[in-house]
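Peer 1: Below are the C-alpha cells for one structure; questions will follow.
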Amino acid sequence: MWRAKRPSARRTQLTSGTLGFVAGLRSQLPLTLLAVAANGGRFARTADGPLSLLRSRGTLAVLALASNGEMIGDKLPFTPSRISRPSIYGRLLVGGIAGAIVAREARQSTALGALIGIAGAVAGSYAGYSARHTLVNVTGFPDFVWAVSEDALALGLGLALIRPYFKK
C-alpha cells in the first residue's frame, strides 16, 4: 500500500469499509479518490491490468467529472432516492469494487475487501438517506443545505482515507 511493509488487515478492512460508506453517500467518489491516490504517489504504483488505469490522468479526469456530475445531480428534485433499487445496486457495486481494490493493493483477501466495501455502502446509503431526511424535518433547512453538507462529509472522509497514500 503506502509503506514497504504490508498494512494490517484491520487497517485494510477499515479503509475498505469506509470507502464503501463513502460510496453510500456519493457513489462516484470512491474510485475517484483511489485514482487521486494513484496519481499522487504510492497507491497502485506497481498495479497491472485494469488497476493500472487508476494511474492514468485521463481516468482521473473522467472519474472526477463523474463525481462532480453526481454531486450536482444529487441536488435536482427529480433525482431518484439512493435507496431505490437501481441506485443502491450501483452504490453496492462501487463499494465492493473499492474495497476489493484496497485489499488487492494490500495483498489481502479481495473477496473480504469487497464484502466489507459492500457492507459500508449499505450503511452509508441508509445512514445518509435517514440523516438527510431527518435533518430537513427537524431543522426546517432546505434539503440543498444538507446535501451540500453531505458532499463535504463524503469528500472529507474520503480525503482523510487517501492522505497516507501520498509521498511526503
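The values are calculated or read from the model by the stated rules, or taken from the named source; none is laboratory data. Since the model is a prediction, treat every value here as computed from it, not as a measurement. Note: ideal-geometry Cβ built from the backbone for every residue, glycine included; neighbour counts use all protein chains shown. Keep in mind that these areas ignore ligands, DNA and RNA; they rest on the heavy atoms of the full protein, side chains included. Shrake-Rupley method; radii C 1.70, N 1.55, O 1.52, S 1.80 Å.
Peer 1: Where in the range 52-168 are there helices (runs of 4 or more DSSP H), lying wholly inside it, with at least 2 residues that are among the small types (Gly, Ala, Ser) and without any contact (Cβ under 8 Å) to a residue 40 or more places away in the chain?
Peer 2: Result: 57-73, 110-139, 143-162.
The rows are residues; the columns are (1) open to solvent by 70 Å² or more (accessible area, probe 1.4 Å); (2) within 18 Å of Val94 (Cα to Cα); (3) out of contact with any Phe, Trp or Tyr (no Cβ under 7 Å at 6 or more places or on another chain).
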position	(1), (2), (3)
Ala114	no, yes, yes
Ala119	no, yes, yes
Gly124	no, yes, no
Ser130	no, no, yes
Gly140	no, no, yes
Ala154	no, yes, yes
Gly158	no, yes, yes
Arg163	yes, no, yes
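Peer 1: Based on what the data block shows, is Leu63 touching a helix residue (DSSP H, G or I) at 6+ places or on another chain (Cβ under 6 Å) and within 16 Å of Gly20 (Cα to Cα)? So that I can check it myself, show each step before the final result.
Peer 2: Values: touching a helix residue (DSSP H, G or I) at 6+ places or on another chain (Cβ under 6 Å): yes; within 16 Å of Gly20 (Cα to Cα): no.
No: the conditions fail for Leu63.
Peer 1: Sort out which residues of the range 28-49 are part of a loop (DSSP other than H, G, I, E, B) and open to solvent by 20 Å² or more (accessible area, probe 1.4 Å), and write them in order of number.
Peer 2: Looking only at the range 28-49, we keep the residues that are part of a loop (DSSP other than H, G, I, E, B), and these are 28, 42-48.
Those that are part of a loop (DSSP other than H, G, I, E, B) and open to solvent by 20 Å² or more (accessible area, probe 1.4 Å): Gln28, Arg42, Arg45, Thr46, Asp48.
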